[in-house]
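Heads up: the structure comes next, in structure tokens.
Read-outs throughout are calculated quantities, based only on the coordinates presented, and are distinct from any laboratory measurement. Given the structure is predicted, the values throughout are model-derived calculations rather than measurements. No Cβ is skipped: glycine too gets one built from the backbone with ideal geometry, and neighbour counts run over all protein chains shown.
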């Protein structure tokens with residue numbers, strides 16, 4: 001005999017499904033980060049080169065010449081500035097997703113190895129896009145920052161799982177974070193030590209979303225104000241994975257940088273360094 005569900009059960013089931021769907025999935029957050037990062041990189045590597053060719057660096061030598069230059073190139077400079085501000089949204093989301101990924105991955109070491117491999121793969125496209133040269137070591141791509149952030153999380157997790165008293169545990173965690181921050185500064189990675197600090201702040205508050213968002217806002221507030229916008233979609237994260245985009249970002253990052261450089265090269269401005 002078929003079981004007849006009551007209207008209350010049907011409505012309750014629908015409400016539960018709606019509650020599961022509301023908010024933003026991890027894949028949606030990733031797409032927001034990728035889009036804003038792309039806008040930022042087009043602004044930096046493409047529009048930035050036009051600023052360089054228009055004599056911006058020479059004009060900035062004195063206040064008088066800089067004001068005259070800005071008046072003549074206000075539209076181009078505003079376009080550049082807006083695109084770079086939009087790009088500030090990307091990094092906090094990538095930091096948050098890194099923490100979420102570290103919490104849910106089956107193998108953190110394999111996760112770290114994947115980041116390290118794509119850091120190496122992405123370095124030549126990164127240098128071409130922003131330095132106009134095949135390979136140089138004055139500034140490294142963001143995959144190195146994410147790798148060191150994950151390494152710090154792995155180290156802190158090991159300390160948390162070990163049988164240390166609270167004071168020793170805190171001191172060891174500080175040491176792990178300091179070492180990774182120092183490595184980021186030494187390697188001159190994108191966002192450098194500040195990037196590692198931001199990742200670890202989100203990691204330490206990972207058990208409480210409200211506190212995580214608040215702490216993230218505070219740590220970004222003092223040096224990158226537009227990045228605070230990123231914590232609106234982060235606060236709306238529903239804990240769901242969403243679409244399977246596991247390798248999309250890994251491939252998109254070097255490929256879009258290479259594409260930007262090729263467009264610049266085709267226009268005869270590829271040899272200009274913008275970072």
Whole-Å distance linking the alpha carbon centroid of region 159-202 with that of region 217-242 is 21 Å
Ordering 27-36, 233-242 by per-residue average of other C-beta atoms within 10 angstrom, highest first, gives 27-36, 233-242
Dividing the helical contributions, -39500 (n - 2.57) per DSSP H run of n ≥ 4, by the residues of the chain yields a 222 nm value, nearest 500 deg cm²/dmol, of -23000 deg cm²/dmol
Between residue 163 and residue 187, the two model label points (7 Å from Cα along the beta-carbon direction) sit apart by a distance in nm of 3.4 nm
For residue 265 and residue 178, extending 7 Å from Cα along the Cα-Cβ vector and measuring point to point gives, in nm, a value of 4.5 nm
Note on region 17-121: contact order normalised by length, alpha-carbon pairs under 8 Å, 6 or more apart, percent, works out to 39 percent
Checked against the structure, the computed Kirkwood radius over Cα pairs in Å among (i) 18.7; (ii) 20.8; (iii) 19.4 is the one labelled (ii)
Residue separation between residue 255 and residue 240 times 0.36 nm, minus their alpha-carbon distance, gives in nm 2.7 nm
For residue 136 and residue 58, extending 7 Å from Cα along the Cα-Cβ vector and measuring point to point gives, in nm, a value of 2.0 nm
Taking 250-256, 75-81 and ranking on average Cβ neighbours within 10 Å, highest first, one gets 250-256, 75-81
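When a/c is below 1.5 the answer is rounded, else prolate if a/b is larger than b/c, else oblate, so apply that to region 125-234 with a ≥ b ≥ c taken from the square roots of the Cα gyration tensor eigenvalues.
oblate
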Once residue 105 and residue 65 are pulled to full extension, the length gained, defined as 0.36 nm per residue separation minus their Cα-Cα distance, is 9.0 nm
Note on the chain: contact order normalised by length, alpha-carbon pairs under 8 Å, 6 or more apart, percent, works out to 29 percent
